[in-house]
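Every read-out reported here was derived from the displayed coordinates using simple, explicitly stated rules and does not represent laboratory data. Computed from a predicted structure; not experimentally measured. Using ideal geometry, Cβ is built from the backbone for each residue, glycine included, and neighbour counts are taken over all protein chains shown.
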Amino acid sequence: MTGPVPAVTGPQPRDVRDQVRRVLDGPVPAPIVQAGHPVLRAVAEPCDGQLSAAELGALVEVMRTTMRAAPGVGLAAPQIGISLALAVVEDPGPVDPEIATARERRPLAFRVLLNPRYEAVGVDRAAFYEGCLSVHGWSAVVRRHRTVRLTATDETGAPVDEVLTGWQARIVQHETDHLNGRLYIDVAELRSLAATDGMAAVWASEPHPRTAAGILGFPLV
């Protein structure tokens with residue numbers, strides 16, 4: 001049996017504004033929800049004016065602080081318990097130039113994405129290790145579209161429509177999937193699964209996960 005795990009539908013324990021108020025009244029950085037929580041398997045509610053500009057701005061700041069403190073390169077609202085189609089992304093890029101080239105990883109300035117969607121551009125895919133703040137302690141290889149077209153709006157309501165390649169495309173796919181009730185482990189090569197305090201550090205240190213694929217026995221194409 002193949003394919004992603006179906007998303008949970010139906011009402012969540014609190015409505016979106018209640019969820020937002022709980023986070024804004026709570027500690028910062030906000031606690032990150034872990035796999036098994038139903039909010040991570042629900043299709044997030046579209047952003048359509050439920051929040052005032054002040055509430056949205058405050059929430060974005062909490063998400064920015066939480067993402068950086070984790071640290072991570074992206075954070076979706078469901079990861080802090082809010083079923084809202086909102087994500088933030090930011091990537092300073094890698095230090096190692098060989099890894100940067102192999103993974104097409106370039107710095108990505110802080111961005112706010114409301115109601116993001118992506119579609120593949122071309123047929124090329126790339127397979128690399130990735131992790132998730134909501135699946136703490138593990139990483140695995142995921143084959144993702146190398147290039148995607150991203151559409152969304154930003155926090156000011158301005159439209160976003162651009163083509164992203166490489167690691168930036170991977171980040172956008174990962175965070176947008178969160179808003180549709182999907183985790184990276186749904187589409188990962190599970191034979192590649194590795195603990196981040198153990199072998200994952202070894203496998204992920206290589207520009208490409210070819211050694212891991214050969215030893216653990218999973219395909220890269």
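If you average the C-alpha positions of the stretch 186-221 and of the stretch 33-79 separately, how far apart do those two centres end up, in angstrom?
29
Let's test the formula: R0 of 35 Å, r as the Cβ-Cβ distance of residue 18 and residue 211. What FRET efficiency results, to the nearest 0.05? Walk me through the intermediate numbers first.
Numbers: r = 48 Å, r/R0 = 1.37.
Approximately 0.15, to the nearest 0.05.
Using Stokes-Einstein with the Kirkwood hydrodynamic radius over Cα pairs, what translational diffusion coefficient do you get for the stretch 58-141 at 20 °C and a viscosity of 1.002 mPa s, in µm²/s rounded to a whole number?
D = 149 µm²/s.
Just subtract the alpha-carbon distance of residue 50 and residue 153 from 0.36 nm times their residue separation and send over the number in nm, one decimal.
Taking residue 50 through residue 153 to full extension adds about 35.6 nm, to one decimal.
Which is farthest toward the positive dipole end of the chain among 174, 139, 58, measuring Cα position about the Cα centre, with Cβ charges +1 (Lys, Arg) and -1 (Asp, Glu)?
Positive-most Cα among the choices belongs to 139.
Which value, in debye to the nearest 20, describes the size of the charge dipole of the stretch 16-216 about its Cα centre when Lys and Arg Cβ atoms bear +1, Asp and Glu Cβ atoms bear -1, and nothing else is charged?
380
What area, in nm² and to one decimal, does the C-alpha convex hull of the stretch 157-199 cast on average over all directions? Numbers along the way, then the final one.
On the way: hull surface 19.2 nm².
Taking the Cα atoms of the stretch 157-199, their convex hull projects to 4.8 nm² on average.
Work from the charge dipole of the chain (Cβ charges, +1 for Lys and Arg, -1 for Asp and Glu, about the Cα centre) and give the residue of 211, 100, 37 farthest towards its positive end.
Of the candidates, 211 comes out farthest on the positive side.
Once you have the Cα-Cα distance between residue 64 and residue 43, take 0.36 nm times their residue separation minus that, and quote the gain in nm to one decimal.
Details: separation 21, 0.36 × 21 = 7.56 nm, distance 2.19 nm.
Length difference between fully extended and current span is 5.4 nm.
For the stretch 16-216, what is the relative contact order in percent, using Cα pairs closer than 8 Å and at least 6 residues apart in sequence?
On the way: 374 pairs, mean separation 42.9, N = 201.
Computed value for the stretch 16-216: 21 percent relative contact order.
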